[in-house]
Amino acid sequence: SFHLDAPLLPPGGPLDLFGSDDSRDASLLKSCLDLIASGDLEAAKQLCREAGQPWRAASWSGGEPYEELKSETEAGEEEGAMIAIAGEEKKSDEDAARTVGNPSRALWQCTTRKLGRTLAANATTASSSSTSLESA
């Protein structure tokens, strides 16, 4: 079975991917990256969900900019957006549902960059250790 942290650990560790998991994961990622490169992030996320990796689709959704959507009736009006409760104005549940994206996008970007650097370093380490084994 696939362990979510396996790609982050140094190669040769106890959580290394089994051959079939590794090749299946590589095939899925290649297909997803092809879709992303062609501009179809939604199809890539759907492919991950269908492959049993919804966590990957969710992590890719973190890069979506946060914004509040305006309803058709709200385009020229601001009334009804707030409900007065005990003298305080609070947003209604309907308003909360009209937001999209990640309000913590900056944190997501920082974390994703660090994760990418870690994966790249592990890949470099794995490649140099396999090269030294081949020359021996």
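Readers should treat all values here as calculations from the given coordinates under stated rules, not as data from a laboratory. Keep in mind that this is a model prediction, so the values were computed, not measured. Backbone-built Cβ (ideal geometry, glycine too); neighbour counts: all protein chains shown.
Worth pointing out:
- Backbone HN-Hα couplings from phi across the range 48-65 [Karplus 6.51/-1.76/1.60, Hz, Gly and Pro as x]: 5, 4, 5, 7, x, 10, x, 4, 5, 4, 5, 5, 6, 6, x, x, 6, x
- Cα→Cβ-extended label distance, 7 Å offset, between Thr125 and Thr112, nm: 2.5 nm
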